[in-house]
Structure formats: structure tokens, C-alpha cells
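Enquirer: Below are the C-alpha cells for one structure; questions will follow.
The values are calculated or read from the model by the stated rules, or taken from the named source; none is laboratory data. Please read all numbers here as calculations on a predicted model, not as lab measurements. Every residue, glycine among them, receives a Cβ derived from its backbone with ideal geometry; neighbour counts consider all protein chains shown. Accessible surface is based on the protein model in full, side chains and every heavy atom, while ligands, DNA and RNA are left aside. Shrake-Rupley method; radii C 1.70, N 1.55, O 1.52, S 1.80 Å.
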Amino acid sequence: MNSPASATVTGRLPVPGATLHHEVHGCAGPPLLLLAGGNSDAAVFAGLAARLATDHRVISYDPRGNSRSTLDGPPVDQRVEEHADDIRLLLDHLVPAGEPVRVFASCSGGLAALHFAGLHPERVEALVVHEPPAFRLLPDADEQLRLVESVEETRRREGTAAAMAVLAALFGGRPAPPLPEERDNTEFFLAHVLRPTAHHLPDLTTIAAVAARIAVAGGRGSREHTVHRPARALAAYLDQQLVEFPGGHVGYVKWPREFAEVLRVTLGALPRGRREN
């Protein structure tokens, strides 16, 4: 029999235009939502969720269009605003009304989380965004967006593998590491997620209004990578110190125990991170 901490319940939630596959790990403690980004799905958080489920009710899901979260129609370009509304609908389904949640969001999931927090601050107790790819915050935004456009041009001309080789420039020139995943979503990511995500500009006014409960984070191993730079820019705008986590852009995969420890401390340090009894 599974212990309460290891118990996992899966489900499917119909939302406008898609059906979301979601998972709940553990059965006690405050709700903690883990948001994947890019071409990842809930499987990328398997190790991290197992460690956090000892004292949280951990919620994760496949972003719409990825793996088990199927679209109702043919693939279309994804909008951060629509993914933010998926967060709202999922929390309405899984978390009692009026109960705020803790959130950890990676990569493009961080952009959706920031948009959600700005619109629904009452639902967010504490939010940690890890290397959100908000390239339009950078002084050389045009250069970075040209790189993203070249990725799409390469995909159409030469295929997925060649496009990923171009995209590696954002990650210090290194190829994408193999990650736990239910399915390979690379083609969908390159064709319908990368460009609209990279062009998304967060609403800094609404984010600033809830900045006290937001921590901006980056990987210790990705300090010199372009994908790390928007996190530094966002932290500076919010007058915060960037919180460093173990590993690089997806450090939670290789270092789940150490990552969970830093995440607990970071959530607890935020003004809204501790709940009143």
C-alpha cells in the first residue's frame, strides 16, 4: 500500500480547447503547484514531487498540447494568457475556493504563472519563477528574438534536430539534456510554443503589485547562459536578489533533493510563504 506521501492520483480536466492531464502527489499539507515549461510534461517533476509530497499536496500537469494534455483540434500557436487561464481552471478544480497555493514554475511555465499571479493575486500565496524566458526584458531583445526566428526558419528548412542545434545557443551552446517525459513534444514546442513564448512581454505593472510574494530564481549552473539573463533582469526590476538553485535550467531533474531543500527555504522566506494558523 502506498504511504500518504507517495500516493499519486491522476485525472483529466476538460478546458476550452483542450483536456489537461493532472497529477496530485501526497494528501496532506498546503497545495504546491509545479508548472513545467517548454516541451516538458509532469514527468519532469517526478523526483522533485516525491520529495515535496512529504509535507505538501503537490499538483503537476502536462501543459496543453504536451503529452497527455490533448488539444481539441489541430496544433495551434500557444498563448501565455491561455496557459495562465488553464492554471486558474485547474486550481478551481483541485483546490478549495479561497485557499491560496504555493507555486514553482519553470521556463515558459514561469511566464504563465506570472500572468496568473497578476490577474489572480488572491490565489497565490508564494511564487518562485525559475528562469522565465522573458527575452523582451533584455536590452538586446531584438538579437535574441532574431535567434528564435532563426530556430523556426531552420526547423522548416532542415528539420527538428537542426533547429534544436540552433536553439542550443541560448543554453551555452550545449544540446538539450535528456529529460523524463511521457512523450517527445519537441516538434510541437518548436512549431507552436517557442516563438509566441519568446515574444511574450510580462505585464510588469501587475507583477510589481504582487512582488512581495514572488521570488525570481536561476540555476547556478546556467549563470553564463542567455536563458538565465531574463531572470536577472526581472529580479532587478523587482528590486530583488536572484535566488540561486542547484544545477542549470532544469536543475530539479538532476538534483531533486537539493532543489527541494532550496525551494522550501525560498517559499518560506516570502512574506506570504508562511500560513497563519
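Enquirer: Which number comes out as Rg/Rh for the chain once both Rg and the Kirkwood Rh are worked out on C-alpha atoms?
Expert: Values: Rg = 17.4 Å, Rh = 18.6 Å.
Here Rg/Rh amounts to 0.94.
Enquirer: Here's a follow-up. Using the Karplus curve 6.51 cos²θ - 1.76 cosθ + 1.60 with θ = phi - 60°, what ³J(HN,Hα) values do you get for each residue of region 158-167, in whole Hz, with x for Gly and Pro?
Expert: Calculated HN-Hα couplings, in order: 10, x, 5, 4, 5, 5, 5, 5, 5, 4 Hz.
Enquirer: On the accessible surface of the chain, probed at 1.4 Å, how many percent belong to carbon and sulfur atoms? Mind showing how you got there, number by number?
Expert: Working: 6440 of 12110 Å².
Carbon and sulfur: 53 percent of the exposed surface of the chain.
Enquirer: Taking amide H atoms as placed 1.01 Å from N in the peptide plane, list the residues 5 or more away in sequence, or in a different chain, whose amide H sits under 5 Å from that of residue 245.
Expert: When sequence neighbours closer than 5 places are left aside, the close amide H contacts are 218, 219, 220.
Enquirer: With θ set to phi - 60°, apply the Karplus curve 6.51 cos²θ - 1.76 cosθ + 1.60 along region 29-39 and write out the HN-Hα couplings as whole Hz, x wherever there is a Gly or Pro.
Expert: Running phi through 6.51 cos²θ - 1.76 cosθ + 1.60 with θ = phi - 60° gives x, x, x, 10, 9, 9, 10, 7, x, x, 9 Hz.
Enquirer: Regarding region 1-95, what's the average projected area of the Cα-atom convex hull, expressed in nm²? Can you show the working numbers first?
Expert: Working: hull surface 23.8 nm².
In nm², the orientation-averaged hull projection of region 1-95 is 5.9.
Enquirer: Search the structure for amide H atoms under 5 Å from the amide H of residue 182, placed 1.01 Å from N in the peptide plane, and list their residues when 5 or more places away or on another chain.
Expert: Hits under the 5 Å cutoff: 41, 43.
Enquirer: Oh, and also: Round to a whole angstrom and tell me the spacing of the C-alpha centers of region 136-193 and region 15-61.
Expert: After rounding, the separation between the Cα centres reads 25 Å.
Enquirer: Karplus couplings for region 133-147 from phi (6.51 cos²θ - 1.76 cosθ + 1.60, θ = phi - 60°), rounded to Hz, Gly and Pro as x?
Expert: x, 8, 5, 6, 7, 8, x, 9, 4, 4, 5, 5, 5, 5, 4
Enquirer: Tell me whether region 39-103 comes out rounded, prolate or oblate; compute the Cα gyration tensor, take square roots of the eigenvalues as a ≥ b ≥ c, and use a/c under 1.5 as the rounded threshold.
Expert: On the way: a/c = 2.64, a/b = 1.39, b/c = 1.90.
Note, shape of region 39-103 comes out oblate.
Enquirer: Place a point 7 Å from the Cα of residue 204 along the Cα-to-Cβ direction; which residues of region 226-263 have their backbone N under 16 Å from it?
Expert: Hits in region 226-263 for residue 204 at 16 Å: 229-241.
Enquirer: If you look at just the Cα atoms of region 86-200, how large are its Rg and its Dmax in Å?
Expert: Values for region 86-200 (Cα only, Rg and Dmax): 16.4, 50 Å.
Enquirer: Counting only heavy atoms of protein chains, what accessible area per residue, in Å², does the chain have with a probe of 1.4 Å? Before the final figure, lay out the partial values.
Expert: On the way: 12110 Å² over 277 residues.
It amounts to 44 Å² per residue over the chain.
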